[in-house]
Amino acid sequence: MTSSVLRRTKVAIRPLAIALSVSAAFSPFSFAQTSTESSLAPVLVTASRTAQKASDVLADNIVITAEEIAASGQTSLVDLLQTKRSVEIKRNGGAGNDSDVYIRGANGKQTILLIDGVRSVSSTSGTPTWSSIPLSQIERVEIVMGPLSTMYGADAVGGVIQVFTKKGGGAPRLSFSAGVGTYGEQVVTAGVSGSTEGDHQIRYAINASHEEADGFSSRVDPKQNPDDDGYSKRSISGQFSWELAKGQELGLTFLNSTNNGEYDNGVSAYNAHIIGDVDVYSVYSRNQITSDWSSLAQVSRSYTKQQNFTSAVPTINNSKQDQISWQNDFKIGTDVLQFLMEHREESVFNPSQPKQNQSRDTDSLALAYQLNAGAHLASASVRYDDSSVYGSNVTGSIGYGYRFTKELRLSGSYGTSFRAPTYNELYFSPNFGNPNVKPEKGKNAEIGIYYDNGQSDFSISYYHNQITDLIITRTPCSFPGLGTSCTDNVNDALLKGVSVGASTKIADFRVYGSFDWQDPRDQTTNKLIERRSRSHGTVGFSHAYGLFKSGADVVFSDYRYDAANETKRMGGYALLNLHASYDLTDNWQLFGRWNNVFDKYYELAQTYQTPGSNTFFGVRYGFN
């Protein structure tokens, strides 16, 4: 970390240390665990598409629980992700504006977002519509770092983020929350969940939310409209399942979210805004065919829809993805053999780009084996993806872990991946799209040490991800008839780094921190990749004293460049965030957060503003 970042971090940590000492002065001398601390060991699904104890997962990962989401007081998924190890973000203004999420220095097109197992992405841009994903509908988040193309196919180069919407179970339960904050922010959520008793159990959950804010001007530029750029977001999600017989389940999940985000588009008197929809629907059948053979069949559809209003008549850019998958898991003692078949069809509707109005299909087969034999853990997988547009790709991975003790493990892995060219990179005209462009290819090797004794945990991992056939814009274009510039597979990139995370429980405190040193570099130009820092991290604590819970964290980052040629430098930053809650009764809770306490000015994209010092306070019902 550079000395400038250290200075910023030290300045922000001073009040963090004061808050920690004040809380300690009023805490009882007790080592009793909270209810969340004594909960069962976390389970991870995303890494292998089947439930595993997190301690058995060879891939580096992070699990964000419902308790952590609630304690953070955050109302934006992107803001929550910014505090996590190996994750960086970009945002063009406030919470309702265009955003990107980067894992381990990979770009937004090299990261997959799954919503309840269903891919959500714009086929034209190649990135998810992060600003439309409602944190209020999310119960759990899993982040798996490293290549997962053998599990999910194209685009899982830097990692996979999966969000799980709220599900039901137990006695019928109502939930409600409402809050207000800086910049005119208002959030209201409501839900009902539960399950029937006896045989043929039916589980249900349905949740709805509405968010809005007046916002702030998204651009710092005299050539841009200085008015505030607000947003409004409405969403609804649901999960329903029916147990036909023991081990036989049918289910339905859905999420519908619409975000209307204003932005600056010059000095025009027209209030420019983008209406972005994210819709995800799936039906599934989960069947225990024999004691050692389980099957999961799923049919899903996802949409990303965008209406961009710079006048009364919008430009339209819609993507649709239909997917059918059938996964079979076979237990062999303590091991698991997995076989997967998938078919995915993408289509685009964009009236202003008629060449994009077409579909492409991908057929996939995958085979994976997970070994769990005493001190030895191992995994091997291979996948074949055949696209109707960019041809076939074979990816593979192999990993091994050795448990020195129950708490301490050494793991290493090697895996390949690829990123499919987007519809924009293939067909946008003039002067950009190139139908001859090929997928990017990745080769990643990593090694890590992981320790967790239930009271303290520590991890350190080193990764080396070589990306070839990097898709860039080339001027002049070497392909006749495409214009003065076009996309091409020219550059190579190397994403390497060290990621460290640790936490420990001391009495009623939990102290945690993470640090990432990375060198995401375009090897053709020997320049840092734009909008990626050389180092970033988080340090913080949480504290429980009776009915009152509090915490603070400092999120810090080194400088970044906004342009690929290491120009337009954006300075580093350190942000102090506070959060607290108080349980009024078993069901009612007051909560609040204070982000960017010292009103630090910083940029995530040059000329775009970020929130200053801002607060949010609210009340919840049915939080237990």
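Miscellaneous remarks
- Region 543-560 - residue that is farther than 30 Å from I471 by Cα and not in a strand (DSSP E or B) and, of those, most open to solvent (accessible area, probe 1.4 Å): L547
- Filter pass, I324 being part of a strand (DSSP E or B), open to solvent by 70 Å² or more (accessible area, probe 1.4 Å) and without any contact (Cβ under 8 Å) to a residue 12 or more places away in the chain: no
- Scope region 383-440; condition among the hydroxyl-bearing types (S, T, Y), within 30 Å of K53 (Cα to Cα) and open to solvent by 70 Å² or more (accessible area, probe 1.4 Å); matching residues: Y384, Y400, Y402, Y414
- Selection within region 178-203: residues that are open to solvent by 60 Å² or more (accessible area, probe 1.4 Å) and in contact (Cβ under 8 Å) with a residue 12 or more places away in the chain. The member of this set that is farthest from the chain's Cα centre (by Cα) is D199.
- Taken as a whole, the condition of being touching an Asp or Glu at 6+ places or on another chain (Cβ under 8 Å), open to solvent by less than 30 Å² (accessible area, probe 1.4 Å), more than 30 Å from H464 (Cα to Cα) and aliphatic (A, V, I, L, M) does not apply to V157.
- A count restricted to region 162-189 and to residues that are small (G, A, S) and at pLDDT 95 or above stands at 6.
- Region 578-596, residues that are of a type in the set (A, V, I, L, M, F, W, C) and surrounded by fewer than 17 Cβ atoms within 10 Å (Cβ to Cβ): L584, W588, L590
- Taken together, the residues in region 225-246 that are open to solvent by 30 Å² or more (accessible area, probe 1.4 Å) and more than 23 Å from the chain's Cα centre (by Cα) amount to 10.
- For region 506-523, the candidate set comprises residues that are part of a strand (DSSP E or B) and either of a type in the set (S, T, N, Q) or touching a helix residue (DSSP H, G or I) at 6+ places or on another chain (Cβ under 7 Å) (or both); within that set, the residue that is least open to solvent (accessible area, probe 1.4 Å) is Q518.
- Under the condition of being exposed (fewer than 13 other Cβ atoms within 10 Å of the Cβ) and either under 27 Å from the mean Cα position of the chain (by Cα) or not in a strand (DSSP E or B) (or both), the residues counted in region 331-357 number 5.
- Condition met for L575 (open to solvent by less than 20 Å² (accessible area, probe 1.4 Å), part of a loop (DSSP other than H, G, I, E, B) and touching a residue at least 40 places away in the same chain (Cβ under 8 Å)): no
- Failed criterion for V163 (all others in (1) open to solvent by 40 Å² or more (accessible area, probe 1.4 Å); (2) outside any loop (DSSP other than H, G, I, E, B); (3) among the hydrophobic types (A, V, I, L, M, F, W, C) hold): (1)
- Taking the criterion of being more than 20 Å from G247 (Cβ to Cβ) and crowded, with 19+ Cβ neighbours inside 10 Å, the residues of region 283-311 that qualify are S300, S302, T304, K305, Q306.
- Filtered residues of region 50-88 (kept if closer than 26 Å to S218 by Cα and open to solvent by 10 Å² or more (accessible area, probe 1.4 Å)): S72, Q74, T75, S76, D79, Q82, T83, K84, E88
- Condition met for G454 (outside any strand (DSSP E or B) and open to solvent by less than 60 Å² (accessible area, probe 1.4 Å)): yes
- Pairs with Cβ under 6 Å, 6+ apart, first in region 523-541 and modelled with pLDDT of 95 or more, second buried (at least 24 other Cβ atoms within 10 Å of the Cβ) and assigned to a loop (DSSP other than H, G, I, E, B): R532/G105
- The residue of region 470-499 that is nearest to Y545 (Cα to Cα), among those that are open to solvent by 40 Å² or more (accessible area, probe 1.4 Å) and part of a strand (DSSP E or B), is V498.
- Being on the phi < 0 side of the Ramachandran plot, part of a loop (DSSP other than H, G, I, E, B) and either out of contact with any helix residue (DSSP H, G or I) (no Cβ under 9 Å at 6 or more places or on another chain) or polar (S, T, N, Q) (or both) holds for only one residue in S48, S55, and it is S48.
- Hey, R173 within 27 Å of P611 (Cα to Cα) and basic (K, R) or not: no
- Yes/no for E212 being in a strand (DSSP E or B), closer than 24 Å to W594 by Cα and open to solvent by 50 Å² or more (accessible area, probe 1.4 Å): yes
Results for (1) within 30 Å of K496 (Cα to Cα); (2) in a strand (DSSP E or B), shown as yes or no for each residue.
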site: D79; (1), (2): yes, no
site: Y102; (1), (2): yes, yes
site: S136; (1), (2): no, no
site: V144; (1), (2): yes, yes
site: M151; (1), (2): yes, no
site: G168; (1), (2): no, no
site: V180; (1), (2): no, yes
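- Per the conditions (1) among the polar types (S, T, N, Q); (2) part of a strand (DSSP E or B); (3) crowded, with 19+ Cβ neighbours inside 10 Å; (4) within 22 Å of the chain's Cα centre (by Cα), the sole criterion not satisfied by S503 is (3).
- Selection within region 89-101 - crowded, with 24+ Cβ neighbours inside 10 Å and not polar (S, T, N, Q): R91, G93, G94, A95, G96, V101
- Residues located in region 561-572, provided they are open to solvent by 10 Å² or more (accessible area, probe 1.4 Å) and either outside any loop (DSSP other than H, G, I, E, B) or polar (S, T, N, Q) (or both): Y561, N565, T567, R569
The values are calculated or read from the model by the stated rules, or taken from the named source; none is laboratory data. What you are looking at is a predicted structure, and each value in this text was computed from that prediction instead of being measured. A quick note on method: Cβ atoms are made from the backbone with ideal geometry, for glycine too, and the neighbour counts reach across all protein chains shown. Surface areas here come from the heavy atoms of the whole protein model, side chains and all, with no ligands, DNA or RNA. Shrake-Rupley method; radii C 1.70, N 1.55, O 1.52, S 1.80 Å.
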